[in-house]
Amino acid sequence: MALSGTHTFVGFGFGAIQSNLFLYEAFQSGNFGRLVVAEVVPEVVAAIRQDGGMFRVNIAHPDGVQQASVGPVQIENPGQPDDRARLITALADAHEISTAVPSVSFYASPDEGSLHHILAEGLRQKARAGGPRAVIYAAENHNHAAEILEARVFEAIPAAEHATVREHVRFLNTVIGKMGGVVTSPEEMQEAGLVPVTSGGSRAFLVEAFNRILISRIDFGNGVPFARGISVFEEKADLLPFEEAKLYGHNAAHALAAYLGWTRGLKTIAELPQQPGLMAFLRAAFIEESGGALIRKYDGLDALFTPAGYTAYVDDLLARMTNPYLRDTVERVGRDPQRKLGWDDRLIGTMRLALRQGIRPVRFALGAAAALELLRASQPGEPDVLLDSLWRDSAPDATEREAVLALIHAATDRLRAWRAAGFEPMLERVVGAG
């Protein structure tokens, strides 16, 4: 398959989501004649160029792994002046743009090669030349990534040009429930039959086939629809409820699965179904605590926020999470427990959401207790002191804090009881979550 369309796509960051989602879907659509990507690691840029702009991906399906080649892509290092100039020119011609960098904190820096500086200059050129309207997908895992990116970009654009530039661009939030990552172990790559990103490379992208991505509704305010080249994405008028379903549903259950797996000494998420009681416990947490709270909060908004819709969402996600071909590890999903125990993040945030909707989140409390135990293994300290240090910037309400801590204290006792019972199969009975 060759590039044959008329549109231009530009992406920032050459990781698993940029490569296996945005570039892959743009390539598969047949609507783009030019694919451009910015990457700051010189070795990656050199390797892609050496392979003629081609790269390879591994796609996990329920029955096996598919390999695919994508390209040619034009890869540029924004830290190099000539590369940066070509990126800016590409942005002036672009119809769709995506940012898939580690976090929103990577949007802006004092450097000339900063993402926000390059975007600002590219959009200014687009506006001056009357270039095509463009949308920017902010793919960072933050509920207001698009608003943050837009603010940073317009800080770098003279105020007199704001109105003209805004006529040409819309910044979109995204809900990306696509799982996967980077495999760097040569043994694992060989065992799974994975192809490296580039010939002779030492890493492989392995991401699931799922591509039902939600994005903000596109409205340029003139009644003329915007024809996306990547047509598989689904627009939503209000994305925040779906972002909460991702964080307090998908992400929360994924983290709970990892910490239950860690407690049981498992290596991969795919091992959970072989452990008596774990999947039933995880499903109950997902449906009754996360789902119960989200349905009460967003009742009637969308089919997702109904008992039948949410149950279907849960069962699909649990099957995808435990897909053995995805090779997702407990270590990867459970890494950075201090972030996942944040006041607004997936574990504590889900508990708080449930409590506010009149639901006792005893199962997610068990996940929080296990995450806290993992954190204390590398960062010794009293549990409440550690949690307060993580929550300090959020300035939690004292009553809500006490309610959350009480649940975690009780869950810590239940976790010990479960372990003392030799990980009794009837998990619900042992931990008293019924």
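Derivation of every value follows stated rules applied to the coordinates shown; laboratory data play no part. For clarity, every value in this text was computed on a predicted model and none was experimentally measured. Cβ: placed from backbone, ideal geometry, glycine included. Neighbour counts: every protein chain shown.
What percent antiparallel are the DSSP beta bridges of the stretch 7-237, to the nearest 5? Intermediate values should be presented prior to the final figure.
Working: 13 of 41 bridges.
Antiparallel bridges: around 30 percent, rounded to the nearest 5.
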Discussion item. Of LEU372, THR198, GLN74, which is farthest towards the positive pole of the chain's charge dipole, taken about the Cα centre with +1 and -1 on the beta-carbons of Lys, Arg and Asp, Glu respectively?
Written reply: LEU372
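Below 8 Å, C-alpha to C-alpha, sequence gap of six or more: please give me the relative contact order for the stretch 241-431 in percent.
Values: 229 pairs, mean separation 50.7, N = 191.
For the stretch 241-431, the relative contact order is 27 percent.
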Worksheet item: Distance from the Cα centre of the stretch 72-144 to that of the stretch 198-263, in angstrom?
Response: 20 Å
Worksheet, complete the sentence: Karplus-derived 3J(HN,Hα) from phi for the stretch 227-232 (6.51 cos²θ - 1.76 cosθ + 1.60, θ = phi - 60°), whole Hz, x at Gly and Pro, runs 8, 6, x, 8, 8, 6
Worksheet entry | Added length on full extension, which subtracts the Cα-Cα distance from 0.36 nm per residue, GLU424 to GLN379 | 13.3 nm
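Net charge within 15 Å of ALA134 by Cβ-Cβ distance, Lys/Arg positive one each and Asp/Glu negative one each, not counting ALA134 itself?
Working: positive: ARG34, ARG124, LYS126, ARG128, ARG133, ARG166, ARG170, ARG228; negative: ASP93, GLU96, GLU121, GLU150, GLU167, ASP219.
Local net charge: +2.
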Item to complete: Report, in debye and to the nearest 20, how large the dipole of the chain comes out about its Cα centre when Lys and Arg carry +1 and Asp and Glu carry -1 on their Cβ.
Response: 420 debye
Item to complete: Of the options ASN143, SER109, HIS95, report the single residue whose Cα projects farthest towards the positive end of the charge dipole of the stretch 1-146 (beta-carbon charges: Lys, Arg +1; Asp, Glu -1).
Response: HIS95
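Placing unit charges on C-beta atoms (Lys and Arg positive, Asp and Glu negative, everything else neutral), compute the dipole magnitude of the stretch 7-237 about its Cα centre in debye, rounded to 20. Kindly include the intermediate steps, with their values, before the conclusion.
Numbers: 18 positive and 26 negative charges, 126 e Å.
I would put it at about 600 debye.
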Response to the item:
Note to self, the chain gives a 222 nm [θ] from helices alone (DSSP H runs n ≥ 4, -39500 (n - 2.57) apiece, / all residues, nearest 500) of -12500 deg cm²/dmol
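May I ask for the net charge around GLU288, where only other residues with Cβ less than 15 Å from the Cβ of GLU288 are counted and Lys, Arg are +1 while Asp, Glu are -1?
On the way: positive: ARG283, ARG296, LYS297, ARG360, ARG363; negative: GLU289, ASP315, GLU428.
The answer is +2.
Which translational diffusion coefficient, to the nearest whole µm²/s, is obtained for the stretch 49-201 from the Stokes-Einstein equation, given a Kirkwood hydrodynamic radius over C-alpha pairs, 4 °C and 1.567 mPa s? The partial results should precede the final answer.
Working: Rh = 17.5 Å.
In µm²/s, the coefficient is 74.
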Response to the item:
Karplus ³J(HN,Hα) for the stretch 295-303 (6.51 cos²θ - 1.76 cosθ + 1.60, θ = phi - 60°; Hz, whole; x = Gly/Pro) runs 5, 5, 6, 10, 3, x, 5, 7, 4
Response to the item:
Percent of all Cα-Cα pairs per 20 Å bin for the chain, counting from 0 up to the last occupied bin, reads 25, 53, 22, 1
Item to complete: With a cut-off of at most 10 other beta carbons within 10 Å, and DSSP calling the residue loop, which trypsin sites (Lys or Arg not before Pro) in the stretch 201-278 qualify? Please list them.
Response: none
Worksheet item: What net charge is computed for the residues neighbouring ARG170, neighbours being all others with C-beta under 13 Å from the C-beta of ARG170, Lys and Arg scored +1, Asp and Glu -1?
Response: -1
Fill in: Listed peptides 296-306, 118-128 by packing density, highest first (mean Cβ within 10 Å)
118-128, 296-306
Worksheet item: Counting alpha carbon pairs within less than 8 Å and at least 6 residues apart, what relative contact order, in whole percent, applies to the stretch 343-434?
Response: 32 percent
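For the residues PHE226, PHE205, what sequence is obtained by ranking on other C-beta atoms within 10 Å, fewest first?
Working: PHE226 15, PHE205 25.
Exposure proxy ranking, most exposed first: PHE226, PHE205.
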Practice prompt. Can you pull the one-decimal nm distance between simple spin-label points at ASP299 and ALA85, each 7 Å off the Cα toward Cβ?
Written response: 6.3 nm
Discussion item. For the chain, give me the percentage of DSSP beta bridges that are antiparallel, rounded to the nearest 5 percent.
Written reply: 35 percent
Response to the item:
Ranked output for segments 377-384, 397-404 by mean other Cβ atoms within 10 Å, highest leading, reads 397-404, 377-384
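Sequence gap at least 6, Cα distance under 8 Å: using those rules, report the relative contact order of the chain to the nearest whole percent. Please list the in-between numbers first.
On the way: 763 pairs, mean separation 53.0, N = 434.
Averaging sequence separation for qualifying contacts and normalising by length gives 12 percent for the chain.
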Response to the item:
Within the chain, pairs of Lys residues whose Cα atoms are less than 25 angstrom apart, provided they are eight or more positions apart or on distinct chains, add up to 12
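Can you give the convex hull volume of the alpha carbon atoms of the stretch 241-431 per residue, in Å³? Don't jump to the answer; show the numbers that get you there.
Values: hull volume 21.2 nm³, N = 191.
Per residue, the Cα convex hull of the stretch 241-431 comes to 111 Å³.
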Worksheet entry | Amide hydrogen neighbours beyond the local backbone of ARG360, cut-off 5 Å, H modeled | none
